[in-house]
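Chemist: Handing you this structure, nothing more for now.
The values are calculated or read from the model by the stated rules, or taken from the named source; none is laboratory data. All values derive from a computational prediction rather than experimental measurement. When we count neighbours, we look across all protein chains shown, and the Cβ atoms used for this are built from the backbone with ideal geometry, even at glycine.
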Amino acid sequence: ALKRIYNLGDFEDVIAKIEKIDKNWAIKFFLKQKKICKKPVNVILKMDCHSTVDNSILKEADKIIRKSVQDTISKKKRMLNFNEIKETVETNLVKQGFVAPNVDNTSMNNNVLSISGNMGTYLNGMIIRGDFNKANILKIKKEFEKPYNPRNVLKSTKYIFKEFQLKTISVEGIKDDSLIIAAREKTNTTLEYPSITIEGFEGVELVQGIHRKLVEKTMVPFDMMYYSPSEWEQGNSLIINAVKEEGEVVF
């Protein structure tokens, strides 16, 4: 019910209270309407950063986030609640290459929206782990471009997996301010066949062509099988044993 009420209008807060816990119980909903935004809102960002980032990157991130929040407010023509601001800011920071950003608090005073929290860790580098030579590692690194956000990384790994014919490629985690990529090359395994001993014997030459003549003469389908003397004497196959027990030597 609370979810449906939220969808009915621009409510900032919805509270449900149950009265009279007996047969005639009832639920009361207290709705708080979101404030209509009539004036442009000035957004101030007060967020720390875990890693050392160039001022130019911080300024660019600040500019993008403030514009995004202002545009969202203008589009909805009302003030945003905490969850909306949190989602907007954190999503934009991730797109800019920051990991695990967090908005802790927001406050509104005289159309000035203050946002505080932590930007997280800015991914400033890339570490490739795998059994590669330095030349291949450098080639793979060049395929990753900043900002190292999930979308860019996923797009790059798909291309690298196919281009370099890798067995696996995955994101292992973060070390300091670098993203760790683990990759494995395909191994060219050679199938080792068992040694085969070929024992030649002259008897086969004596019966060449006889199979066709016998089938034509008798009109009976049968197969001819050839065994060397040692296979005949020492062999232990079902066919050899059956022939020895039930067969007849004709030549």
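Chemist: Restricting the search to region 28-60, which residues are surrounded by fewer than 16 Cβ atoms within 10 Å (Cβ to Cβ), more than 16 Å from S107 (Cβ to Cβ), in contact (Cβ under 8 Å) with a residue 40 or more places away in the chain and hydrophobic (A, V, I, L, M, F, W, C)?
Modeler: The answer is I36, and nothing else.
Chemist: Go through L80, L113, L58 for me and flag whichever is at negative phi and modelled with pLDDT under 90.
Modeler: L80
Chemist: Among the numbered criteria (1) at pLDDT below 90; (2) on the phi > 0 side of the Ramachandran plot, which one does G97 miss?
Modeler: Of everything listed in (1) at pLDDT below 90; (2) on the phi > 0 side of the Ramachandran plot, G97 misses just condition (1).
Chemist: Separate question: Can you pull out the residues in region 133-172 that are of a type in the set (S, T, N, Q) and either modelled with pLDDT of 85 or more or part of a strand (DSSP E or B) (or both)?
Modeler: The answer is N149, N152, S156, T157, T168, S170.
Chemist: Checking K175 against (1) at pLDDT 75 or above; (2) surrounded by fewer than 11 Cβ atoms within 10 Å (Cβ to Cβ); (3) over 30 Å from K146 (Cα atoms): exactly one of these is not met. Which one?
Modeler: Going through the list (1) at pLDDT 75 or above; (2) surrounded by fewer than 11 Cβ atoms within 10 Å (Cβ to Cβ); (3) over 30 Å from K146 (Cα atoms), K175 breaks only (3).
Chemist: Something else now. Quick check on region 119-178: of everything there that is touching a residue at least 60 places away in the same chain (Cβ under 8 Å) and of a type in the set (S, T, Y), which residue is nearest to Q96 (Cα to Cα)?
Modeler: Filtering first and then ranking leaves Y122.
Chemist: I'd like to check something: does region 115-132 contain any residue that is exposed (fewer than 12 other Cβ atoms within 10 Å of the Cβ) and within 30 Å of E163 (Cα to Cα)?
Modeler: Checked region 115-132: at least one residue is exposed (fewer than 12 other Cβ atoms within 10 Å of the Cβ) and within 30 Å of E163 (Cα to Cα).
Chemist: In this structure, is T91 within 22 Å of D177 (Cβ to Cβ), at pLDDT below 85, not charged (D, E, K, R) and not assigned by TED's automatic domain parsing to the domain that holds I169?
Modeler: Against the criterion (within 22 Å of D177 (Cβ to Cβ), at pLDDT below 85, not charged (D, E, K, R) and not assigned by TED's automatic domain parsing to the domain that holds I169), T91 does not qualify.
Rundown of residues vs (1) in the same structural domain as L58 (by TED's automatic domain parsing); (2) under 22 Å from the mean Cα position of the chain (by Cα), yes/no style:
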| position | (1), (2) |
| --- | --- |
| G97 | yes, yes |
| N110 | yes, no |
| I115 | yes, no |
| D131 | no, yes |
| P150 | no, yes |
| Y159 | no, yes |
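Chemist: Across region 156-172, what is the total count of residues that are polar (S, T, N, Q), touching an Asp or Glu at 6+ places or on another chain (Cβ under 8 Å) and surrounded by 12 or more Cβ atoms within 10 Å (Cβ to Cβ)?
Modeler: Within region 156-172, residues that are polar (S, T, N, Q), touching an Asp or Glu at 6+ places or on another chain (Cβ under 8 Å) and surrounded by 12 or more Cβ atoms within 10 Å (Cβ to Cβ) number 1.
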